[in-house]
1. Kindly list the number of the only condition in (1) free of Cβ contacts under 8 Å to residues at least 40 places away in the same chain; (2) farther than 18 Å from V44 by Cα; (3) not hydrophobic (A, V, I, L, M, F, W, C) that fails for E106.
2. So which residues in region 135-149 are free of Cβ contacts under 8 Å to residues at least 12 places away in the same chain and out of contact with any Asp or Glu (no Cβ under 9 Å at 6 or more places or on another chain)?
3. Being over 30 Å from L118 (Cα atoms), surrounded by fewer than 16 Cβ atoms within 10 Å (Cβ to Cβ) and among the hydrophobic types (A, V, I, L, M, F, W, C) is true for just one of L26, L75. Which residue is that?
4. Which of the residues that make up region 209-240 are among the small types (G, A, S) and surrounded by 10 or more Cβ atoms within 10 Å (Cβ to Cβ)?
5. Could you grab me the full set of residues in region 131-153 that are under 21 Å from R78 (Cβ atoms), surrounded by 20 or more Cβ atoms within 10 Å (Cβ to Cβ) and not hydrophobic (A, V, I, L, M, F, W, C)?
6. Checking the condition within 30 Å of Q219 (Cα to Cα), in contact with an Asp or Glu (Cβ under 7 Å, 6 or more places away or on another chain) and either modelled with pLDDT of 95 or more or surrounded by 16 or more Cβ atoms within 10 Å (Cβ to Cβ) (or both), which residue from R159, R107 passes?
7. Output the residues belonging to region 270-287 that are surrounded by 10 or more Cβ atoms within 10 Å (Cβ to Cβ) and not β-branched (V, I, T).
8. When you look at L83, is it buried (at least 17 other Cβ atoms within 10 Å of the Cβ) and either of a type in the set (D, E, K, R) or touching a Pro at 6+ places or on another chain (Cβ under 6 Å) (or both), yes or no?
Amino acid sequence: MSRPTLVRGQPDWSKLRILRVILPVLLVLIGVFTTYYTVPYDSVGVVLRFGRYTTTEEPGLHFKWPFGVDDVQVLPVRRQLKLEFGTRPDYDFTNPDQFGEDPENERSMVTGDLNAALVEWVVQYHIADPRLYLFHVREPGSTLRDLSEAVMREVIGDRTVDEVITSGRQDIEVGALARLSELTKAYELGVQIDQVQLKNVNPPQPVQNSFNEVNRAQQDRESTINAANGDYNKVVPRAEGEAEQKISEAEGYRLKRVNEALGDVSAFNAMLEQYLKASTVTRTRLYLETMKDVLPSLADTWIVDSSITQLLPMVKDTSKGGGK
């Protein structure tokens with residue numbers, strides 16, 4: 001039996017029947033795979049229906065209208081993002097706005113005293129309002145990079161090169177953080193600035209050796225000052241302690257002499273009061289008490305009345321155990 005021949009221009013009904021079966025299956029599969037989505041634990045899902053904001057979903061499994069009716073944009077609101085300026089690493093990064101296209105131009109700055117400096121810094125932030133971040137400003141990441149660079153140039157331009165390179169780093173970070181936070185709120189970018197950190201701050205390469213020499217001289221100066229302060233702190237407190245000790249000893253001696261004098265005065269006044277009450281008795285008592293203290297020291301002394309004659313005293317020689 002011969003097969004039917006197809007005439008040119010006549011449709012192949014067998015293929016059409018296959019398409020009628022495959023197309024509904026494909027539509028069902030596409031509909032199934034486009035009706036759900038998953039939001040990671042550190043993100044939220046912003047749902048757009050026909051391009052218009054509908055709702056914000058938390059992490060987990062969610063469902064939406066298929067066939068492109070609902071579109072979901074996932075934003076990492078619980079992840080800290082960062083922008084790096086003045087460098088261009090060779091590793092992969094997920095944030096497309098993390099590094100600029102011209103790091104050499106970014107880090108080249110002029111200080112307030114018209115000196116050049118190479119400044120590298122990092123801005124850390126997180127997305128605080130997903131709706132503002134997506135719809136209020138076009139390309140918020142690029143806008144934040146431009147704002148960060150403008151703020152850093154403003155802050156660096158208000159300080160001398162010595163402050164930028166040595167002592168003023170913390171003030172620069174604090175000032176840049178405050179100014180950048182103020183501008184992001186004014187622009188309503190939907191982000192919150194967490195930290196601004198200076199990394200490498202160096203003078204231009206042709207004058208870097210001279211700056212290093214100056215820094216070494218300043219460090220030697222500080223070391224000498226610290227050593228002198230150490231000697232001062234060691235010697236002066238010891239001298240002050242010795243002075244305080246001598247003053248305390250003198251004060252104690254003064255109090256002792258004053259108290260003794262006051263005691264003598266009190267004793268004399270008490271004796272005078274008794275003497276005034278009975279002068280004869282008191283005088284006799286004082287005489288006897290005085291003799292009691294004086295006579296023991298006159299043990300080897302004999303007092304003889306000048307009117308007595310022919311007196312032969314008998315004195316016992318106690319030193320040799322005999323007498324005469």
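The values are calculated or read from the model by the stated rules, or taken from the named source; none is laboratory data. As the structure is a computational prediction, the values presented were derived from the model and not from experiment. Note that we place each Cβ from the backbone using ideal geometry, even for glycine, and neighbour counts take in every protein chain shown.
1. (1)
2. Step one: filter region 135-149 for residues free of Cβ contacts under 8 Å to residues at least 12 places away in the same chain, giving 138-139, 146.
R138, D146 - these are the residues of region 135-149 that are free of Cβ contacts under 8 Å to residues at least 12 places away in the same chain and out of contact with any Asp or Glu (no Cβ under 9 Å at 6 or more places or on another chain).
3. L26
4. Scanning region 209-240 gives S210, A217, S223, A227, A228, G230.
5. Those that are under 21 Å from R78 (Cβ atoms), surrounded by 20 or more Cβ atoms within 10 Å (Cβ to Cβ) and not hydrophobic (A, V, I, L, M, F, W, C): Y133, P140.
6. Just one listed residue meets the conditions, R107.
7. Here is the first cut: in region 270-287, the residues surrounded by 10 or more Cβ atoms within 10 Å (Cβ to Cβ) are 270-275, 278-279, 281-287.
Answer for region 270-287, where residues must be surrounded by 10 or more Cβ atoms within 10 Å (Cβ to Cβ) and not β-branched (V, I, T): A270, M271, L272, E273, Q274, Y275, A278, S279, R283, R285, L286, Y287.
8. Answer is no for this residue.
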